[in-house]
Amino acid sequence: MKKIGIAILFPLMFLGVFAFAQKITIHGYITDKATGERILGSSIVVAPFNTGTTSNNYGFYSITIPQTSDSIEVSCGFVGYQSQQYKFLAKENKRLDVLLSANTILEEVIVTSSRKNNKVTSSQMSMIHLNQGQIKNLPAVLGETDVLRAVQLLPGIQAGNEGNLGFYVRGGGADQNLILLDGVPVYNAMHLFGFFSVFNSDALQTVDVIKGGFPARYGGRLSSVLDIRMKEGNNQEFHGEGGIGLLAARFMLEGPIKKGKSSFMVSGRRTYADLYMRPLIKSINNKGAEAGYYFYDLNAKINFYLGRKDHLYFSGYFGKDKFDGNVNYDFNSDSLMAKNNLYKATMEWGNSTALVRWNHEFSRNLFCNMTFNYTKYQFNLSNEQNVLQTTGVNAVYYQAYSSGIEDKSLRIDLDYLPNPNHFIKIGTSVTWHNYRPGAFQTQITNSSYNNDSSYQAGFISSSEFDTYAEDDIRFSNRIKANVGLHLTGFWVRNNFFTSLQPRVSLRYLLRTDMSLKVSFAQMNQFIHLLTNNGVGMPTDLWVPATGIVPPEKSMQAAIGWQYNWKNNIEFSIESYYKKMDNVIEYKEGSSFVNALNNWENQVVTGTGTSYGIEWMAQKQKGRTTGLIGYTLSWSNRQFAELNNGQPFPYKYDRRHDLKLVVVHTLTKNIQLSADWVFSTGIATTLPVATYLNSSLSQVQVYDQRNSFRLPPYHRLDLSIKFSKQKKNFERDWVISIYNVYNRLNAYFIYQNTVYNAVTHTYYNQFYKFSLFPIIPSISYQFKF
Amino acid sequence: MKKWLAQCLIILSLSLACNKATEIDVPGQKPLLVINGQWRQNNMFMLRLTRSRGITDPFDTGAALFSTYEVKNALVTIRENNIVVDTLKYDTMNFIYSSIHNKRTKLNAVYTVNSSFTGFTSVTVTSPLLSLMTISGTQLKSGVSYNALGDLMDEISFSFADDESQMDYYLIRVKKGDGSYAECINTADQDFEKLIFNNPFTTETCLDGDKLLLSDKNFNGKTKKIILSVSTDQMQDMLISGRIRHPYIELLHITQDFFKYIKTNNNYDVAGINPFAEPANIYSNITNGYGFFTAYSVATDSLHK
């Protein structure tokens, strides 16, 4: 009944939008003068009316004001750019395309945060904006900076295991983060078992992290949205950048296809550890064995301006990890059945995404964005054994396993700006999912037998539609709200699930530089991730909600205070409470290894609650910039079938989480950066006792689930960058040290039986396994 | 200089970037008494009473292992329908506590075990010995189908009448002529409990012959017909000690506790061989202690072709 009431009342809120008056509309695009790339989120203010708006995700803005015979002044600005002012008579509608030039003052270049006072004045809360500069200024690991490592340094976001880039937002799981690359979901964002993300920082433009107060346009995950946008490509001149580190080399090139009309950006990265590992392993094993591992990423984007009202984009991402190895045995004895035995194993996984986007300006205040996208994640594992028998017959035994997920999606979004008090967004999308929880193939070929069998574990298709409407309403100078509804439906195996999700964010401006915000968001998730411990294994399986394992739901309420001191230091405090239903966990004794056999039977569903408070201070200007963030939080889970039905701490329930990031420009050519993190150890389950069962075998007794804490995690990383302008390019040497004071953080705990020579007895000893000690690295970067 | 610095850093990072293990302290738990016993009808009272040990307590290996868990001469009393009927004595030869009066279990009785020992918290456990079920219409049809691997399969069918008055739990065991359990039994019956498998690469979703669990939530008060499919080679008569032994089925009428115990015991076994598995505890119904005690009735019928 409540849902129906909301559905009826919601459209009425928009009625005020259509009041008639003598008005004119100023509209256009905000563009970077040097690169021709559109600037999103820049502010446009009309002076005499003290009213303004911001450009949308594609640089489009529209502002409708009362018609007047006087001249008006329109100013447009964005942090890091020189603001522009325009004066003209406001007698008729006007198209005003603004070109902004980047500031050349040192401190403005260093500034890496985004929009002047935007965080304070925006109705959006729980959102943090990062750009490429911020990410690249952080200390590198093995010469690689990473967007997900930067995200882990934000308050309210917990890191997973040591070195792993999985992230956990406000008590949610790693599967509850919607990771979008140019609006396309990326299902497995990890390389090298989670130590690197698939996002090449050379190709990125901006990153928005939303932890709560989700606008209605987002849906599909419970806990966060990580909206990553790739560079469009410079349509004025050619530029490139790249780097060589200990692990990988990368290169990015951008430039105009037709100056001012179209551009491209292409970026690639590849590791080369296999180039020296393979011969090394081969020589160690006397040519009897060899193995190698590599990953690569390829990002590409081209875009065309088709007149003043249309803009067409094509973009794609292709990435793969591959591990392969082989062992070769020669048998010299004629009495053996086999003369030669060659064993090969290959494991590869990767994502592919593709997107076609068309921006069209229907009218001065109606902007449309249409998208078709495709995303695929595939994991393949195979092994082959070739046995050359003494009879001369070559017997081949081949096994292969594959799993994955594939989506195709159509989406239409409309931005309607009828007047400065409303910014309406509506849209709809339909997505076709194809899940492949697992498929096996076995081939046996020899002189007497030839068998080829395949086993497909439940190839599942589903369809999902989403539709939303939201309005960013300015009620007065002090009060602004974003009100929206997200309606979604999901078909799978003759089940149809629907969900109507209200979203509200409210801002009250205490002063021009200080605001209070509250938000409420209900979210729904029709997809589950079968994973163990969130290690970021390529074997993680995405599976749909079904009648047995229903969709996950959450409700999150948050309240926050935001203050921008002298337009330099931002302070924020946010408190949240989140309740989650139908979250999943593996049954006791189960794992992804068993999940192939009827995965719905391997998991249990339950509830989760999390609450906490986050403090953050972020300095944005000057020679020294950085942030301090602290989170005090609790996150629990409860399942009828686990822990005797009693609530228990979530694995990544970290009570205290402190983060410090400092970037200091020592001279024009030398920059220092450091980050230090401290957090409560993750929760784990350990045995506390043993006894003998009825057959006199030793049985271990585990205490309450996740009742033991690993030692606290803390780590300091440092980096120093030496820059120099050469004749035709700029180069940087970056020296980084990961884990400076060699803290042996626990990756996991294991037990071993140890002999005590004094008492001549054995005992169980627990050990923490640490993965990364101090790791220095150096990389060379260039830009032209 | 730059080249030298780069080379040094590469060598240093490669040499340092390896895993390390360091000891950490984990608190153990104080010892508790442990009872293990599974009584069928007309069994002599007999159970094993031992003690638990903290996870980091020192211990010996081999034959001496049992001695670190052994509890001698504890007081173990048995109540039948809440009346003390026996006190068990420790048998040092077999390491068990048993009735010296040759007392035996009775159908439909409720048994309570109390045990105490100096320095330990007393433990107690209660279990009913449920009514004996009647198996009817048992048939073994030979070679009725093939499984996915091309094996010839026999079909076992039989029925029993469920009692309407309570929630009932059953365990069916399928045994070969030599008394060992049959393996990989298939059934399309959705009432059977789906257990976690320990072999992820099997294309069969078959059940072991000692783990055919079901509850009567879908057939309460009705006659339940069971149809099972077993490979023909397991259902052969066997000549043992000069006598022909037929394969047979057992229908155990069990408690909910026993049902939980079998499920969790299976989880524990599976977790033990899978390093990625979530930790599993075996269900215990012992108050203030560990282990598992139950009584059950068992009906048997042989399988003839």
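Bear in mind these aren't lab numbers, they're just calculated from the coordinates by the rules spelled out. Please read these numbers as outputs of a predicted model, since none were measured by experiment. Please note: Cβ atoms are built from the backbone with ideal geometry, for glycine as well, and neighbour counts cover all protein chains shown.
Roughly how crowded by other chains is peptide B:277-290, in terms of the mean Cβ count from those chains within 10 Å of each of its Cβ atoms? Don't skip to the answer; put the middle values down first.
Details: counts 10, 13, 11, 7, 13, 7, 1, 3, 0, 0, 0, 0, 1, 7.
Counting Cβ atoms of other protein chains within 10 Å of each residue's Cβ and averaging gives 5.
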- Per-residue mean of C-beta atoms belonging to partner chains within 10 Å, peptide A:775-781: 4
- Message: Just to check I understand the Karplus step: with θ = phi - 60° and J = 6.51 cos²θ - 1.76 cosθ + 1.60, what whole-Hz values come out for region A:626-632, glycine and proline as x?
- Response: x, 8, 10, x, 9, 10, 10
- Quick one: angle between helix A:273-284 and the longest Cα principal axis of chain A, in degrees between 0 and 90, rounded to 10, please. 10
- Under-5 Å amide H pairs with A:TYR650, H placed in peptide plane, nonlocal only: A:SER635, A:ASN636, A:ARG637
- Note on the structure: Per-residue Cβ contact counts at 10 Å, fewest first, order A:TRP542, A:TRP358, A:TRP349 as A:TRP358, A:TRP542, A:TRP349
- Item | Neighbour-limited loop hits for GluC sites (Glu not before Pro), region B:90-188 (at most 15 other Cβ within 10 Å; DSSP other than H, G, I, E, B) | B:GLU164, B:GLU183
- Message: How much of the DSSP bridge set in the protein assembly as shown is antiparallel, in percent, rounded to the nearest 5?
- Response: 95
- Area projected by the alpha carbon convex hull of chain B, averaged over all directions, nm²: 24.9
- Item | Label-point separation, B:LYS217 to A:HIS664 (7 Å along Cα→Cβ), nm | 6.3
- Quick P(r) readout (region A:726-784; Cα-Cα; 5 Å bins; whole %) gives 4, 14, 12, 11, 9, 11, 9, 8, 6, 4, 4, 3, 2, 2, 0
- Item | log10 of Debye I(q)/I(0), alpha-carbon scatterers only, for region B:151-305 at 0.12, 0.20, 0.21 Å⁻¹ | -0.59, -1.35, -1.40
- Using per-residue counts of other Cβ atoms within 10 Å, averaged over each peptide, order A:752-763, A:619-630 from highest down. A:619-630, A:752-763
- Note on the structure: Counting other chain Cβ atoms within 10 Å of each Cβ in A:436-443 and taking the mean gives 1
- Query: Taking the Cα atoms of the protein assembly as shown, what is the range of coordinates along each of the three principal axes, in descending order and whole Å?
  - Reply: 113, 75, 62
- Query: So who's got an amide H within less than 5 Å of the one on A:SER42, skipping anything under 5 residues away but keeping other chains? H placed 1.01 Å off N, in plane.
  - Reply: A:SER55
- With axes computed from alpha carbons, what is the tilt in degrees of helix A:2-12 against the longest principal axis of chain A, rounded to the nearest 10 within 0 to 90? 40
- Note on the structure: Taking a crude spin-label model, label points 7 Å out from Cα along the C-beta direction, the A:LEU410 to B:GLU183 distance in nm is 5.3
- Message: If each DSSP helix of 4+ residues adds -39,500 (n - 2.57) and the sum is divided by the residues in the protein assembly as shown, what number results at 222 nm, nearest 500 deg cm²/dmol?
- Response: -2000 deg cm²/dmol
- Calc'd 3J(HN,Hα), region B:23-28, phi into Karplus 6.51 cos²θ - 1.76 cosθ + 1.60 (θ = phi - 60°), Hz, glycine/Pro = x, comes to 6, 9, 8, 10, x, x
- Query: Which semi-axis lengths, in whole Å and largest first, follow from the square roots of five times the eigenvalues of the Cα gyration tensor of region A:655-784?
  - Reply: 49, 16, 12
- Order of B:170-182, A:415-427 by packing, highest average Cβ count within 10 Å first? A:415-427, B:170-182
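What's the magnitude of the charge dipole for chain A around its Cα centre, counting Lys and Arg as +1 and Asp and Glu as -1 at the beta-carbon? Answer in Debye, nearest 20.
So the magnitude is around 1980 debye.
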- Task: With unit charges on the beta carbon (Lys/Arg positive, Asp/Glu negative), name the residue among B:LEU228, B:TYR283, B:SER115 whose Cα is farthest towards the positive pole of the charge dipole of chain B.
- Result: B:SER115
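What size of dipole, in debye to the nearest 20, comes out for region B:235-305 about its Cα centre when the only charges are +1 on Lys and Arg C-beta atoms and -1 on Asp and Glu C-beta atoms?
Dipole about the Cα centre, nearest 20: 180 debye.
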- Which one of A:SER635, A:ASN567, A:TRP542 has its Cα pushed farthest toward the positive end of the charge dipole of chain A, where Lys and Arg give +1 and Asp and Glu give -1 at the Cβ? A:ASN567
- Query: Over chain A, what relative contact order in percent results from Cα pairs under 8 Å that are six or more residues apart?
  - Reply: 10
- Task: Rank by packing, highest mean first: peptides B:253-260, A:144-151, with packing defined as the count of other Cβ atoms within 10 Å averaged across residues.
- Result: A:144-151, B:253-260
- Query: If one puts a single equal scatterer on every Cα of region A:177-297 and applies the Debye formula without solvent, what log₁₀ I(q)/I(0) results at q = 0.10, 0.18 Å⁻¹?
  - Reply: -0.47, -1.00
- Item | Under the Karplus curve 6.51 cos²θ - 1.76 cosθ + 1.60, θ = phi - 60°, whole-Hz ³J(HN,Hα) for region A:563-570, x wherever Gly or Pro sits | 9, 10, 7, 6, 6, 10, 10, 9
